[in-house]
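Below is one structure, written out as structure tokens; comments come after it.
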Amino acid sequence: MANTSSAKKATRKIARQTAINKNRRTRVRGFIRKVEEAIATGDATIAKTALQAAQPELHRAATKGVLHANTASRKISRLAQRVKALSA
């Protein structure tokens, strides 16, 4: 348990930031899920539009520190590869 006032404030700040990060992570997972569901149905146009919506969200999560930059790039690359395979 925090004893000093600065430590108490730090725990409040950490709790606030954790809630924000959790919200961002959930949002990113939702966008990824929409792309994967579109891929599962086999509809290339819906999958492509879902991927275009998911890309900036993944990059934003990387910028904000929720995801590592390489992780975001890897996820985008793998999703794009799967979407491209649908249309081919």
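Each reported figure results from applying straightforward, stated rules to the coordinates on display, with no laboratory input. All of these numbers come straight from a predicted model, not from anything done at the bench. Methodologically, a virtual Cβ is constructed for each residue, glycine included, from the backbone with ideal geometry; neighbour enumeration extends over all protein chains shown.
Points worth noting:
- Taking Lys and Arg as +1 and Asp and Glu as -1, the other residues whose beta-carbon sits under 15 Å from that of ARG82 total +4.
- For the stretch 5-87, the number of Lys pairs separated by eight or more positions or lying on different chains, with C-alpha atoms closer than 23 Å, is 16.
- In plain terms, the chain from LYS13 to ARG27 could stretch by 2.9 nm, reckoned as 0.36 nm per residue minus the Cα-Cα distance.
- Whole-percent P(r), the chain, all Cα pairs, 5 Å bins from 0: 2, 15, 20, 17, 13, 10, 7, 5, 4, 3, 2, 1, 0.
- Likely footprinting exposure, THR4, THR71, fewest C-beta neighbours within 10 Å first: THR4, THR71
- Zone of THR63's modelled label, taken as backbone nitrogen in the stretch 1-31 under 17 Å from a point 7 Å along Cα→Cβ: 21, 24-25, 27-28
- Highest mean packing comes first when the peptides 33-46, 9-22 are listed by Cβ atoms within 10 Å, giving 33-46, 9-22.
- Table column - 3J(HN,Hα) (Hz), the stretch 7-18, Karplus curve with 6.51, -1.76, 1.60, x for Gly and Pro: 5, 5, 5, 4, 5, 5, 5, 5, 4, 5, 5, 4
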